[in-house]
Amino acid sequence: MTESAPASVWTRPRPEPRRRAPGVEQYVAAALAIADAEGLGAVSMRRVAGDLGSGTASLYRYIANRDELVDLMIDAAQGEDPLPEPTHDWRVDLAAVAHALRATLLRHPWLAGEMAGRPSLGPNALRRSESALRAAAALTPDITLAGLALGAVRSYVLGAVAGQQAARRAEQRSGLTEEQWQRSVGPYISEIIAAGEHPMLARRVLEGEEVDPDEEFAFGLDCVLDGLAARLGA
């Protein structure tokens, strides 16, 4: 006799909320607020219940464990914004997918690390994946290649956001803004330039223009989309 798989948070019947007690949506919203402010590591079943003035047993009535809570958080985050309206232009639609994903990840700094692993199977995530695959399928009728194209776009977004979030964490750790940090290392960089051993770095510092994160992201995304067009003959 084969063992049946444990019930998923997406398939298990959800109890009706008790009167004047928090329901699943309230618990998930509280968990999101904690994670956004303090990081995912600060989220625990006890903490979430406590923030709502509820007993932990009440939370366990709806959600079996912390892993399920995180799954619900990931899905809730992906349902905050409406799906991009399709234009049936693969490039425009994949760019919209990328910008929407970036906006979600920047709102929830903990989310990129969770989305880099196994795909979320919640209803919001499934709707968003279906929409994104439809955009990629306008580039190529081969669904495998469409999936790979979408994966390339998602990987770019995850990497770009990770870099932007790392810069934010550096500011928080040091207490220095980017401009203040640049001034603090200015004398050292001047010495490096004066030594003449790194001429390309010197050109970048002395001649290069500052580019804001939005422009940098758009440039990189255009490069990814150009590559997909060249590779798949669009």
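The values are calculated or read from the model by the stated rules, or taken from the named source; none is laboratory data. In this text the structure is predicted, and so the values were computed from the model without any measurement. No Cβ is skipped: glycine too gets one built from the backbone with ideal geometry, and neighbour counts run over all protein chains shown.
Could you tell me how many of the residues in the stretch 31-43 are assigned to a loop (DSSP other than H, G, I, E, B) and without any contact (Cβ under 8 Å) to a residue 60 or more places away in the chain? Looking only at that region, the number is 1. If we scan the stretch 17-30, do we find a residue that is of a type outside the set (Gly, Ala, Ser), touching a residue at least 12 places away in the same chain (Cβ under 8 Å), crowded, with 17+ Cβ neighbours inside 10 Å and in a loop (DSSP other than H, G, I, E, B)? The answer is yes; a qualifying residue exists. Taking the criterion of being crowded, with 16+ Cβ neighbours inside 10 Å and touching a Lys or Arg at 6+ places or on another chain (Cβ under 6 Å), the only residue of the stretch 46-95 that qualifies is Gln78.
Residue-wise test of (1) at pLDDT 90 or above; (2) closer than 30 Å to Gly117 by Cβ.
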{"residue": "Ala160", "(1), (2)": "yes, yes"}
{"residue": "Ala170", "(1), (2)": "no, yes"}
{"residue": "Thr177", "(1), (2)": "no, no"}
{"residue": "Gln180", "(1), (2)": "yes, no"}
{"residue": "Val185", "(1), (2)": "yes, no"}
{"residue": "Tyr188", "(1), (2)": "yes, no"}
{"residue": "Ile193", "(1), (2)": "yes, no"}
{"residue": "Gly196", "(1), (2)": "yes, no"}
{"residue": "Pro199", "(1), (2)": "yes, no"}
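The residue that is farthest from Asp212 (Cα to Cα), counting only those in the stretch 163-184 that are in contact with a helix residue (DSSP H, G or I) (Cβ under 8 Å, 6 or more places away or on another chain) and part of a helix (DSSP H, G or I), is Ser174.
Looking only at residues in the stretch 67-97 that are in contact with a Gly (Cβ under 9 Å, 6 or more places away or on another chain) and charged (D, E, K, R), the one that is nearest to Ala132 (Cα to Cα) is Asp75. When you look at Arg14, is it part of a loop (DSSP other than H, G, I, E, B), touching a helix residue (DSSP H, G or I) at 6+ places or on another chain (Cβ under 7 Å) and charged (D, E, K, R), yes or no? It is true that Arg14 is part of a loop (DSSP other than H, G, I, E, B), touching a helix residue (DSSP H, G or I) at 6+ places or on another chain (Cβ under 7 Å) and charged (D, E, K, R). Residues that are of a type in the set (S, T, N, Q) number at least 1 in the following helices (runs of 4 or more DSSP H) confined to the stretch 90-162: 90-107, 123-137.
Check the stretch 51-71 and report whether any residue there is outside the structural domain of Asn124 (by TED's automatic domain parsing) and within 30 Å of Cys223 (Cβ to Cβ). No: the stretch 51-71 contains no residue that is outside the structural domain of Asn124 (by TED's automatic domain parsing) and within 30 Å of Cys223 (Cβ to Cβ).
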